[in-house]
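The values are calculated or read from the model by the stated rules, or taken from the named source; none is laboratory data. In this text, all values refer to a predicted model and were calculated from it rather than measured experimentally. With ideal geometry, Cβ positions are generated from the backbone for all residues, glycine too; neighbour counts draw on all protein chains shown.
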Amino acid sequence: MSITSKIQEYQQKLPKHVTLVAVSKTKPVADLQEAYDAGQRVFGENKIQEMVEKWEQLPKDISWHMIGHVQRNKVKYMAEFVDLIHGVDSFKLLKEINKQAKKYERVIDCLLQIKIAEEDSKFGMSVADATSLLASKDLQQLENVRIVGLMGMATFTDDMNQVRQEFKRLKTTFDRLQPNYPNLEIISMGMSGDYELAIEEGSTMVRIGSSIFGERNYE
Ligand SMILES: *Cc1c(COP(=O)(O)O)cnc(C)c1O
C-alpha cells in the first residue's frame with residue numbers, strides 16, 4: 001500500500017484523542033513529503049542529525065518529535081525547532097534541554113521515558129525516579145522545559161499479554177501522577193505492532209513507522 005493510503009487509513013481509524021507520530025527514521029525526504037501531502041504533520045525521528053537535515057528541507061509547519069535516546073551534547077542542534085522530546089530519562093538531560101531552549105527563548109515540551117519493559121535493554125527511568133524528579137525543587141528552576149507526559153516502550157515479544165501488562169504499568173503511573181501535575185497530558189505508547197493494544201490501555205500518542213513507510217533498511 002502507498003504511504004498516502006496508509007496515512008489516510010490511520011487518519012480514519014485512530015480515535016480523535018490519539019495523535020499519530022509518523023516515524024520516518026532512515027526514510028528519504030521524498031517519503032516524508034508524500035506523507036505530508038496526505039495531511040500528516042507530526043514526524044518522529046530517532047537521530048538528531050538526521051532530523052535536522054530533514055527539518056531544513058521540508059515545510060516549516062511540521063511538528064518534529066525526537067523519539068530516540070538523546071545525547072546531551074547534541075541537544076543544541078535541535079533546540080531551535082524540536083516540538084516534543086519523548087526520551088527524557090535524567091535531570092541532567094533536562095538541564096541541558098533547558099539551557100539550549102533558553103537560547104531560542106523557547107519552552108520545549110518533554111516526556112519522561114519510563115522503563116516499563118521486563119527486558120534490560122531499553123532506556124528509561126524507574127517510576128520512583130520519575131516521581132521524585134517531578135517533585136524536585138530543581139525542576140521548578142527550569143523555566144524553558146515543560147514535562148507534558150510519559151513515554152514507554154514495551155518488550156519486543158510476541159507475548160501480547162506481557163505487552164499489555166507493561167502498557168498498564170505506564171497508564172497506572174500516569175494516573176497516579178497526573179492529579180498533582182496537571183501539565184501531564186500525553187501517554188506516548190504503541191508502535192506498528194502493538195498500537196491497538198496501547199490505545200486500549202490508554203495511549204494518547206502512537207509512534208508508527210514501518211506500517212506506514214515500509215520496513216527499514218539500516219545498510
Ligand atoms: C522506530 C521506533 C518506533 C516505530 O517502530 P515501528 O515498529 O516501525 O512502528 C516507535 N518508537 C520508537 C522509540 C522507535 O525508535
Original post:
Which of the residues belonging to the stretch 59-106 are in contact with a Lys or Arg (Cβ under 7 Å, 6 or more places away or on another chain), away from the ligand (no atom under 13 Å from the Cβ) and within 15 Å of Gly149 (Cβ to Cβ)?
Top reply: Ser63
Subject >> Unmet criterion (only one of (1) out of contact with any helix residue (DSSP H, G or I) (no Cβ under 7 Å at 6 or more places or on another chain); (2) farther than 29 Å from Met78 by Cα) for Met160 >> reply: (1)
Original post:
Which residue pairs have Cβ atoms under 7 Å apart, sit 6 or more places apart or on different chains, and have a first residue in the stretch 78-99 that is crowded, with 17+ Cβ neighbours inside 10 Å and a second that is in a helix (DSSP H, G or I) and of a type in the set (Lys, Arg)?
Top reply: Ala79/Lys103; Leu93/Arg72; Glu96/Arg72
**OP:** Go through (1) away from the ligand (no atom under 14 Å from the Cβ); (2) touching a Gly at 6+ places or on another chain (Cβ under 9 Å); (3) touching a residue at least 40 places away in the same chain (Cβ under 8 Å) one by one and return the number of the condition His17 breaks.
**Re:** (2)
Original post:
If you go through the stretch 159-197, how many residues are in contact with a Ser or Thr (Cβ under 9 Å, 6 or more places away or on another chain) and within 11 Å of the ligand (Cβ to nearest atom)?
Top reply: 7
**OP:** Examine the stretch 92-99 for a residue that is of a type outside the set (D, E, K, R), closer than 27 Å to Ile3 by Cβ and at pLDDT 95 or above, and state whether such a residue exists.
**Re:** no
Subject >> Single condition Gly44 does not satisfy, out of (1) outside any loop (DSSP other than H, G, I, E, B); (2) touching a helix residue (DSSP H, G or I) at 6+ places or on another chain (Cβ under 7 Å); (3) within 16 Å of the ligand (Cβ to nearest atom); (4) closer than 17 Å to Ile3 by Cα >> reply: (2)
